[in-house]
1. Any idea what log10 I(q)/I(0) is at q = 0.09, 0.11, 0.14 Å⁻¹ for region 24-153, Debye with uniform C-alpha scatterers and no solvent?
2. Which whole-number percent gives the relative contact order of region 1-98, counting Cα pairs below 8 Å spaced six or more residues apart?
3. Calculate, for region 26-83, the solvent-accessible area per residue in square angstrom, rolling a 1.4 angstrom probe over the heavy atoms of the protein chains.
4. How many nm is it between the label spots at Met1 and Ile16, if each spot is 7 Å from the Cα in line with the beta carbon?
5. Once fully extended, how much extra length lies between Ser69 and Arg89, figured as 0.36 nm per residue of separation less the alpha-carbon to alpha-carbon distance?
6. Got a sec to turn the phi values of region 98-108 into Karplus ³J(HN,Hα) couplings, 6.51 cos²θ - 1.76 cosθ + 1.60 with θ = phi - 60°, whole Hz, x for Gly and Pro?
7. Would you kindly derive the ³J(HN,Hα) couplings of region 55-64 from the backbone phi angles with the Karplus curve 6.51 cos²θ - 1.76 cosθ + 1.60 (θ = phi - 60°), listing them in order in whole Hz, with x for Gly and Pro?
8. If packing is taken as the mean number of other Cβ atoms within 10 Å per residue, what is the order of 102-110, 35-43, 9-17, 59-67, highest first?
Amino acid sequence: MTDEEFTGRARTLAEIAPNDSVTVPTLAGEGGRFTDGPPLSEPPVSYLEPAESPAFVLANTKRGIGLGSKRNTVTPGTDRETLVLVTGRRTLCLVGGETDDEVIEIPHESIATASYRTGFRAHRLALQTPRNSYHCWVNPKTDEDLLAAATTFIEERKPETPESIDGDDDASRIMYRGQPVKRDTESAETVPSGEKQTVMYRGRPVDDGE
């Protein structure tokens, strides 16, 4: 698709979205919610399925997405953002990279519980599946009403008996341009530093912040 086509689709999706957190510049990749430049290396709208539309967009600039633990995070690159697109069928977490973006998909049918927490330094949307938990960090400037509405939206679409996510034992489904990517566990390493360990993921340290 061309830039004009991305912008055109972003405009259509923003117009039909039930919440004003879904904006044309963010979906088209022209500017992030909390940064002036492109939030991702690819336009966020390019990661949506043809008939898929976001109802809410949450964002953070530093903390990324926690996999299994709120401390075990995949974080965005410099001047990039993490966008959390809540659509009618899944929560799509897009972690902006310098050249490639990390895409983590959590289908609604795999959700056991959805909740949120607010904090002075950051808010958090927490999603629990039968095997894992996902912690979607959210900028503290985000209104609590938006967090509550997105959480309710997900809760209303989760099944009574959630399905396990196909893939690795840790239940993380990482997608790249619509295709599942197996986590490179061979390249992950743990380096002791006194009593603290620095966990490396794909050649960079994993954030261990609160």
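1. -0.21, -0.32, -0.53
2. 24
3. Heavy-atom SASA per residue in region 26-83 reads 36 Å².
4. In this crude spin-label approximation the distance works out to 1.2 nm.
5. Values: separation 20, 0.36 × 20 = 7.20 nm, distance 2.36 nm.
Going from the current span to full extension adds 4.8 nm.
6. 5, 10, 10, 9, 8, 10, 10, 10, 10, x, 4
7. Karplus values, whole Hz, x for Gly and Pro: 9, 9, 10, 10, 8, 8, 9, 10, 7, x.
8. Details: 102-110: 21.0, 35-43: 18.7, 9-17: 16.8, 59-67: 23.0.
Peptide ranking by packing, descending: 59-67, 102-110, 35-43, 9-17.
The values are calculated or read from the model by the stated rules, or taken from the named source; none is laboratory data. Note that the coordinates shown come from a computational prediction; the quantities given were computed from them, not determined experimentally. Neighbour counts are summed over all protein chains in view; Cβ atoms, including those assigned to glycine, are modelled from backbone coordinates with ideal geometry. The protein model used for the area step is the full one, side chains on, heavy atoms only, and it has no ligands, DNA or RNA in it. Shrake-Rupley method; radii C 1.70, N 1.55, O 1.52, S 1.80 Å.
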